[in-house]
1. Quick one: count up the residues across the range 111-125 that are in a strand (DSSP E or B) and exposed (fewer than 14 other Cβ atoms within 10 Å of the Cβ).
2. Anything in the range 91-101 that is surrounded by fewer than 17 Cβ atoms within 10 Å (Cβ to Cβ) and touching a residue at least 24 places away in the same chain (Cβ under 8 Å)? List them, or say none.
3. State the number of residues belonging to the range 43-84 that are in a helix (DSSP H, G or I), loosely packed, with under 14 Cβ neighbours inside 10 Å and β-branched (Val, Ile, Thr).
4. Starting from the range 117-142, keep only residues that are without any contact (Cβ under 8 Å) to a residue 40 or more places away in the chain, then list their pairs with residues that are of a type in the set (Ser, Thr, Tyr) and not in a helix (DSSP H, G or I) whose Cβ atoms are within a distance under 7 Å, requiring at least 6 positions of separation or different chains.
5. So, in the range 126-142, exactly how many residues are out of contact with any helix residue (DSSP H, G or I) (no Cβ under 6 Å at 6 or more places or on another chain), in a strand (DSSP E or B) and either hydrophobic (A, V, I, L, M, F, W, C) or open to solvent by less than 60 Å² (accessible area, probe 1.4 Å) (or both)?
6. Might you let me know whether the range 59-71 holds any residue that is of a type in the set (Lys, Arg), out of contact with any Lys or Arg (no Cβ under 7 Å at 6 or more places or on another chain), modelled with pLDDT of 80 or more and within 21 Å of ALA124 (Cβ to Cβ)?
7. Any residue in the range 67-90 that's touching a residue at least 60 places away in the same chain (Cβ under 8 Å): show its pairings with residues that are open to solvent by 30 Å² or more (accessible area, probe 1.4 Å) at Cβ separation under 6 Å, as long as the two are six or more apart or on different chains.
8. For ILE108, work out the one condition from (1) more than 20 Å from THR33 (Cα to Cα); (2) assigned to a strand (DSSP E or B) it doesn't fulfil.
Amino acid sequence: MLTHVDPQACPKGLRSLVSPNPYELEPVRPLITFDLSKFRLMDSMDVVAGLGSRPVLVDLTPTEFEHLVRQLFETIGLKSVNTQPSQDEGVDAVAMNTDPVMKGLCIIQAKRSSKVVPFETVSALAGVVEHRRAAKGILVTT
């Protein structure tokens, strides 16, 4: 069956853009854009730069821990931003994955605690993920 397929006609049928020369790439419009207007965002701070080689995470302030968690998500390649600490509905950071297969908005909740995180915290995160229509929610704790 593939012998009947015209390889030059296929991209046009899929409304694809093909560069005439592979070394002269043309920019492509992103597949997905994220509306961050529903979050109260704040400026980022670099917490990693001030850490020693073996930091005690519970000694960080809650805000420092939240920024550290955001930096971890940035390190794995996700664009991430922190939200303002008050009235954040439990949303401490937001990470955006623009990969065409794994794309989506990720709500991040950071809990700096030496105790077990209660079930209510996890349940509340699930509710925020549903309310914000995010692809996933991740709870990060010490």
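1. 0
2. Passing the criteria: THR98, PRO100.
3. Counting residues in the range 43-84 that are in a helix (DSSP H, G or I), loosely packed, with under 14 Cβ neighbours inside 10 Å and β-branched (Val, Ile, Thr) gives 3.
4. VAL117/THR141; THR141/SER113
5. 1
6. Within the range 59-71, the first condition is being of a type in the set (Lys, Arg), and the residues that meet it are 70.
From what's left, out of contact with any Lys or Arg (no Cβ under 7 Å at 6 or more places or on another chain): 70.
From the residues that got through so far, the ones that are modelled with pLDDT of 80 or more too are 70.
Cutting the leftovers down to within 21 Å of ALA124 (Cβ to Cβ) gives us 70.
Yes, the range 59-71 has at least one match.
7. Cβ pairs passing all conditions: VAL69/VAL140.
8. (1)
The values are calculated or read from the model by the stated rules, or taken from the named source; none is laboratory data. Keep in mind that what you see is a predicted model, and the values were worked out from it rather than measured. When we count neighbours, we look across all protein chains shown, and the Cβ atoms used for this are built from the backbone with ideal geometry, even at glycine. Note: areas computed on protein heavy atoms with side chains; ligands, DNA, RNA excluded. Shrake-Rupley method; radii C 1.70, N 1.55, O 1.52, S 1.80 Å.
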